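Trainee: The structure that follows is given in the form of structure tokens.
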Amino acid sequence: MAVDHDLVLVTGLLLLALALPSLLAALVDERLPVVAGGLLLCGSGLSAWSLLTDDRPFHPADLPDAIFSVIGRYLF
């Protein structure tokens, strides 16, 4: 079964984006940022795994194409 590296990358980046508000809320409320830590770990791992195991080289300019291709493929 083939892995969709764009989907894994976009999912990892989404988890990283969700970690930021969680981290800020935990710091403001003086709580331990457990959920933010989990999101950072999972998002970083997914993103790194996608970038390291893909056969084609990835450039930052390819990121919008990856995001919109995943949106077009799986949401519409």
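Trainee: Scan the range 26-50 for residues that are farther than 13 Å from Leu16 by Cβ and either among the small types (Gly, Ala, Ser) or under 14 Å from the mean Cα position of the chain (by Cα) (or both) and jot them down.
Mentor: Ala26, Trp49, listed by residue number.
Trainee: Related question: Which residues, counting only those in the range 47-73, are hydrophobic (A, V, I, L, M, F, W, C) and surrounded by 12 or more Cβ atoms within 10 Å (Cβ to Cβ)?
Mentor: If the condition is that a residue be hydrophobic (A, V, I, L, M, F, W, C) and surrounded by 12 or more Cβ atoms within 10 Å (Cβ to Cβ), then Ala48, Trp49, Leu51, Phe58, Leu63, Ala66, Ile67, Phe68, Val70 are the ones that fit.
Trainee: Just the residues that are assigned to a helix (DSSP H, G or I), without any contact (Cβ under 8 Å) to a residue 12 or more places away in the chain and touching a helix residue (DSSP H, G or I) at 6+ places or on another chain (Cβ under 7 Å), please, taken from the range 15-68.
Mentor: Ala26
Trainee: Can you give me the number of residues within the range 5-14 that are in contact (Cβ under 8 Å) with a residue 40 or more places away in the chain and surrounded by fewer than 17 Cβ atoms within 10 Å (Cβ to Cβ)?
Mentor: Residues in the range 5-14 being in contact (Cβ under 8 Å) with a residue 40 or more places away in the chain and surrounded by fewer than 17 Cβ atoms within 10 Å (Cβ to Cβ): 1 in total.
Trainee: For Arg56, are the conditions met, namely being of a type in the set (D, E, K, R) and at pLDDT below 95?
Mentor: So Arg56 fits the description; yes.
Trainee: Report yes if Ser44 is surrounded by fewer than 16 Cβ atoms within 10 Å (Cβ to Cβ), modelled with pLDDT of 95 or more, under 24 Å from Leu75 (Cα atoms) and not charged (D, E, K, R), otherwise no.
Mentor: Judged against the criteria, Ser44 is a match.
The values are calculated or read from the model by the stated rules, or taken from the named source; none is laboratory data. Predicted model only: the values in this text are computed from it and were never measured. Reconstructed Cβ throughout: ideal geometry from the backbone, glycine too, with neighbour counts over all protein chains shown.
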